[in-house]
Amino acid sequence: MAKHRILSGMRPTGKLHIGHYLGALENWIKLQNEHDSYHLIADYHVLTTNPDTSEIFNNTIEMVIDWLATGLDPQKSPFFRQSQVKEHTELFLIFSMLITKARLERNPTLKDQIRDLNIQNVIYGHLGYPVLQSADILLYKGDAVPVGEDQVPHIEITREIAKRFNQQYGELFPEPKALLTKFSRLPGLDGNAKMSKSLNNTILLSDEPDTVQKKLRKAVTDPQKVRRNDPGRPEVCLVFEYHKKFNPGEINEIESGCRSGALGCVDCKLKCTAKINEFLEPIIERRKQYENRKDDVLDILLDGEKKARNTAAATMDEVHKVMNLG
Ligand code: TRP
């Protein structure tokens, strides 16, 4: 792959879970070594579905601690809050003139959110969610964006806006592509297809070993495997999914043991717990160092925001120039 300018982003919702790691962070960490990366904290995007900002700072710091603890390196790739780089709002306004309301209403991710969150009246800024995201990406001339499936429509809108801008005012922006994360979604402990904080079915990156054990003990398994010797169906069991990701070395034994009935769910879950705890141990260790140094975490953001501002300001100068503004 040629060298890219990567722009990755997350909304600050607090402590992250193992699904965030497999679905995003693992990939970001790899990419930061091969490409120029910027890591955005989409704090304004939170407001599209939640006006309450009382926890936003705390949630931001907790998320950044998880970024640091899993190995994202702010020296290689600046971390910054969208709200601290004013150029995001400026470019968002300009981009909002380059896309129609009808196009934004067709966005399938918006339709899913309206359904899932049971939203009666869509806020103007929520309709504009992908327009702000386009500004996030194009301010840094990001040409590759690591995302999950649900974000692909937003990258398509970003490409359309870039194309429209370039046609109208002159070639300035790349048309970014989505780098799809290979991992399918990690299921939640309750058997829901998605691990998600709002469903309360997560294993956090900060969960201590006994918490992981308790959570896994309650995890849903194959309902047909009631007693230890009953043959089970790994393909319907979420614990088997976790084994695939965290215990690939033993996967064949686990599968045949489950199918034959030789391996009971209790033992299977204990094996899985041990592997997940092994994975989490160094993360929790590193996390503890940062938990006592939250001022240093803020300094990391302030430093990243300086770098991000430089890049963003240079792009806005170019934007103003090609638009004959100022
Ligand atoms: N919409 C993204 C999400 O919910 C977060 C985000 C905001 C983002 N701006 C971005 C992701 C820019 C990538 C690039 O996951």
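For Asp295 and Glu253, a Förster radius of 56 Å and the Cβ-Cβ distance give a FRET efficiency of 0.70, rounded to the nearest 0.05.
Can you tell me the length gained on complete extension of the stretch Asn50 to Glu149, counting 0.36 nm per residue apart and subtracting the Cα distance? Working it through step by step, the gained length comes to 33.4 nm. In this simple spin-label approximation, Lys197 and Asp73 carry label points 7 Å from Cα along the Cα→Cβ vector, and these lie 2.8 nm apart. Less than 5 angstrom separates the built amide H of Ala144 from those of Arg5, Leu7, Lys177, all sequence-distant by 5 or more or on a different chain. Taking every Cα-Cα distance in segment 207-288 and sorting them into 10 Å bins from zero, the calculated P(r) comes out as 19, 51, 23, 6, 1 percent.
Roughly how many percent of the accessible protein surface of segment 1-147 is carbon and sulfur, given a 1.4 Å probe and a whole-percent answer? Can you show the working numbers first?
Details: 3210 of 6200 Å².
Ligands and nucleic acids excluded, carbon and sulfur give 52 percent.
Can you work out the FRET efficiency for the pair Glu235 and Thr211, with r the C-beta to C-beta distance and R0 = 35 Å, to the nearest 0.05? All intermediate terms of the calculation are to be shown ahead of the outcome.
On the way: r = 28 Å, r/R0 = 0.79.
With R0 = 35 Å, the Cβ-Cβ based efficiency is 0.80.
Annotation for segment 91-123: trypsin sites (Lys or Arg not before Pro) lying in DSSP loop with at most 14 further Cβ atoms inside 10 Å of their Cβ are Arg106.
Applying a threshold of 19 Å to the alpha-carbon distances of Lys197/Lys271; Lys244/Lys271; Lys15/Lys244; Lys194/Lys215; Lys163/Lys307 flags Lys197/Lys271; Lys15/Lys244; Lys163/Lys307 as lying beyond it.
Quick one: of the DSSP bridges fully inside the chain, what percent are antiparallel, nearest 5?
Numbers: 1 of 15 bridges.
Approximately 5 percent, going by the DSSP bridge assignments.
The calculated FRET efficiency for the pair Ala314 and Leu127, based on their C-beta separation and a Förster distance of 25 Å, comes to about 0.25. Sequence-ordered 3J(HN,Hα) estimates for segment 13-19 from the Karplus curve with 6.51, -1.76 and 1.60 and θ = phi - 60° stand at 10, x, 4, 8, 10, 5, x Hz, glycine and proline given as x.
Based on DSSP H assignment, which helices of the chain show an axial Cα extent of at least 15 Å together with a mean Kyte-Doolittle hydropathy greater than or equal to -1.0? Long hydrophobic helices here: 56-70, 152-169, 265-291, 294-322. Per residue, the chain reaches -16000 deg cm²/dmol at 222 nm when only DSSP H runs of four or more residues are counted, each adding -39500 (n - 2.57).
When every Cα-Cα distance of the chain is counted in 20 angstrom steps from zero, the calculated P(r) takes the values 29, 53, 17, 1 percent.
Residues of the chain: accessible area per residue at 1.4 Å, in Å²? Numbers along the way, then the final one.
Values: 16190 Å² over 326 residues.
For the chain, the per-residue accessible area is 50 Å².
The modelled label-to-label distance for the pair Gln168/Leu302, using points 7 Å beyond Cα in the direction of Cβ, is 3.8 nm.
Taking GluC sites (Glu not before Pro) as exposed when DSSP calls them loop and at most 15 other C-beta atoms lie within 10 angstrom, the chain has its longest site-free stretch at 172-326.
Mean sequence separation of contacting Cα pairs (under 8 Å, at least six apart), scaled by the length of the chain, corresponds to a relative contact order of 22 percent.
The values are calculated or read from the model by the stated rules, or taken from the named source; none is laboratory data. From a predicted model like this one, the values you see are computed outputs, not experimental measurements. Note that we place each Cβ from the backbone using ideal geometry, even for glycine, and neighbour counts take in every protein chain shown. Calculation scope for accessible area: heavy atoms of the full protein, side chains included, ligands and nucleic acids excluded. Shrake-Rupley method; radii C 1.70, N 1.55, O 1.52, S 1.80 Å.
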